[in-house]
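Structure, as structure tokens:
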Amino acid sequence: MTRHGKNCTAGAVYTYHEKKKDTAASGYGTQSVRLGKDAIKDFDCCCLSLQPCRDPVVTVDGYLYEKEAILEYILHQKVEIARKMKAYEKQKRAQKSDSQLESSSGEREKVEKFKKRENSIVSKPINPFTAATARDSEAKASSSSSSSSGAGACPAGPSSSSALPSFWIPSLTPEAKPTILKKPGKTVLCPMSGRPLKMNELIAVRFTPLDPGLDRVALLTRQDRYVCAVTRDTLGNSVPCAVLRPSGAVVTMECVERLIQKDMTDPVTGDKLTERDIITLQRGGTGFSGSGVDLRAKEARPVMQV
């Protein structure tokens, strides 16, 4: 379709291009965009700082972090949990005191009702000749009061409607109820996987540089920086990798399947391995859909429904 065909608005059919254009301009509807290679972090970059790691550590789920960044995150989360717990305990004490006040006020009301009931008991003997006249006078008074209230019910209508609260006046706006806090969890969660995270479960990672003679600055400027510790294959986002727990060495999954899984021995330290000691490294995607990584980002916005 030509440019003039896309901009044509005289057609009888609401085309897909017009719908996308109107959706982007209106601010409604979920927008999605496919990420390119420049929007994806490298496999050796920290998941928090998105920068190449100086002292990398990996979690049991395979997420790579800079040691300083993840320790700072854990400490910050512990401080935040302590703050939330303090606010929750304060709310709990306030609720307890309110319940005690309500119970004490209820008991006080019961005592007052009992006193009134006791004081209304007549201790003097009732005169049968004066009791009947008193009963007749009370009945007349009640009938007169009911008739007067029935006559005055009509003008009371507009006054009751005018007494309704005006929500546009600040003094008459209803007060918001305090937010009820839930008890916070005491476990620090991984920012990527959302699973429990502990300091003693972090595993140090040792990348094998492609050229050991290069310093760090020169190494970071290169596209291919690290290689497999066994086969010397170049590592990248397109190469599935794994970390061996005893040595922290990074090897390719092809090396794991063809060499390491035969005798389950760490090729660097010679220690025996289990399936738990081989941690698959979570890598970024590539620019291709065949990498197996979801490269589509979505932004949820309000939706207008008819």
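Have a look at VAL227, VAL217 and point out the one that is in contact with a Pro (Cβ under 9 Å, 6 or more places away or on another chain) and farther than 18 Å from LYS41 by Cβ.
VAL227
The rows are residues; the columns are (1) assigned to a loop (DSSP other than H, G, I, E, B); (2) open to solvent by 50 Å² or more (accessible area, probe 1.4 Å); (3) of a type in the set (Gly, Ala, Ser); (4) modelled with pLDDT under 90.
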| residue | (1), (2), (3), (4) |
| --- | --- |
| GLY284 | yes, no, yes, yes |
| GLY287 | yes, no, yes, yes |
| GLY290 | no, yes, yes, yes |
| LYS298 | no, yes, no, yes |
| PRO302 | yes, yes, no, yes |
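Just to be sure I understand the filter: pairs with C-beta atoms under 8 Å, separated by 6 or more residues or on different chains, first member in the stretch 261-285 and touching a residue at least 40 places away in the same chain (Cβ under 8 Å), second member among the hydroxyl-bearing types (Ser, Thr, Tyr) and surrounded by fewer than 18 Cβ atoms within 10 Å (Cβ to Cβ). Which pairs pass?
Note: pairs meeting the criteria are GLY285/SER291.
Would you check if VAL217 is open to solvent by 40 Å² or more (accessible area, probe 1.4 Å) and under 18 Å from ASP266 (Cβ atoms)?
Answer is no for this residue.
Name the residues in the stretch 42-83 that are surrounded by 14 or more Cβ atoms within 10 Å (Cβ to Cβ), among the acidic types (Asp, Glu) and part of a helix (DSSP H, G or I), would you?
GLU68
Name the one entry in ASP224, ASP294, ASP215, ASP277 that is out of contact with any helix residue (DSSP H, G or I) (no Cβ under 8 Å at 6 or more places or on another chain), under 25 Å from LEU48 (Cα atoms), modelled with pLDDT of 90 or more and of a type in the set (Asp, Glu). Break it down stepwise before answering.
Details: ASP224 fails: modelled with pLDDT of 90 or more; ASP294 fails: modelled with pLDDT of 90 or more; ASP215 fails: modelled with pLDDT of 90 or more.
Residue meeting the stated conditions: ASP277.
Regarding ASP271, is this residue open to solvent by less than 50 Å² (accessible area, probe 1.4 Å) and of a type in the set (D, E, K, R)?
So ASP271 fails the test.
Specify which of the listed residues (ALA94, ALA25) is open to solvent by less than 50 Å² (accessible area, probe 1.4 Å), free of Cβ contacts under 8 Å to residues at least 24 places away in the same chain and among the hydrophobic types (A, V, I, L, M, F, W, C). Outline the logic, then answer.
Numbers: ALA25 fails: open to solvent by less than 50 Å² (accessible area, probe 1.4 Å).
ALA94 is the lone residue from the list that is open to solvent by less than 50 Å² (accessible area, probe 1.4 Å), free of Cβ contacts under 8 Å to residues at least 24 places away in the same chain and among the hydrophobic types (A, V, I, L, M, F, W, C).
Going through GLU18, GLU112 one at a time, which residue ends up being outside any loop (DSSP other than H, G, I, E, B), open to solvent by 70 Å² or more (accessible area, probe 1.4 Å) and not small (Gly, Ala, Ser)?
Sole residue among the options that is outside any loop (DSSP other than H, G, I, E, B), open to solvent by 70 Å² or more (accessible area, probe 1.4 Å) and not small (Gly, Ala, Ser): GLU112.
Please identify the pairs in which a residue from the stretch 32-49 that is in contact (Cβ under 8 Å) with a residue 60 or more places away in the chain has its Cβ atom under 7 Å from the Cβ atom of a residue that is in a helix (DSSP H, G or I) and open to solvent by less than 70 Å² (accessible area, probe 1.4 Å), counting only partners at least 6 apart or on another chain.
Pairs found: LEU48/ALA69; LEU48/ILE70; LEU48/TYR73.
How many of the residues making up the stretch 256-268 are open to solvent by less than 50 Å² (accessible area, probe 1.4 Å) and over 39 Å from the mean Cα position of the chain (by Cα)? Give the derivation first.
From the stretch 256-268, those open to solvent by less than 50 Å² (accessible area, probe 1.4 Å) are 256, 260, 264-266; that's our starting set.
Now restrict to residues that are over 39 Å from the mean Cα position of the chain (by Cα): 260, 264-266.
Final tally of qualifying residues: 4.
Of all the residues that make up the stretch 21-41, how many are assigned to a loop (DSSP other than H, G, I, E, B) and of a type outside the set (Gly, Ala, Ser)?
5
Report every pair of residues separated by at least 6 positions or lying on different chains whose Cβ atoms are under 9 Å apart, first residue within the stretch 67-90 and in contact (Cβ under 8 Å) with a residue 24 or more places away in the chain, second surrounded by fewer than 14 Cβ atoms within 10 Å (Cβ to Cβ) and aliphatic (A, V, I, L, M).
If the second residue must be surrounded by fewer than 14 Cβ atoms within 10 Å (Cβ to Cβ) and aliphatic (A, V, I, L, M), the pairs left are LYS67/ALA204; ILE70/MET199; LEU71/MET199; ILE74/MET199; GLN77/LEU189.
From the list ARG225, ARG245, ARG195, exactly one residue is within 20 Å of TYR63 (Cα to Cα), in contact with a strand residue (DSSP E or B) (Cβ under 7 Å, 6 or more places away or on another chain), open to solvent by 80 Å² or more (accessible area, probe 1.4 Å) and among the basic types (Lys, Arg). Which is it? First the steps, then the outcome.
Numbers: ARG225 fails: open to solvent by 80 Å² or more (accessible area, probe 1.4 Å); ARG245 fails: open to solvent by 80 Å² or more (accessible area, probe 1.4 Å).
Just a single option satisfies the conditions, and that option is ARG195.
The values are calculated or read from the model by the stated rules, or taken from the named source; none is laboratory data. Quick caveat: nothing in here was measured; it's all calculated off a predicted structure. Positions of Cβ are backbone-derived with ideal geometry, glycine not excepted, and every protein chain shown enters the neighbour counts. The protein model used for the area step is the full one, side chains on, heavy atoms only, and it has no ligands, DNA or RNA in it. Shrake-Rupley method; radii C 1.70, N 1.55, O 1.52, S 1.80 Å.
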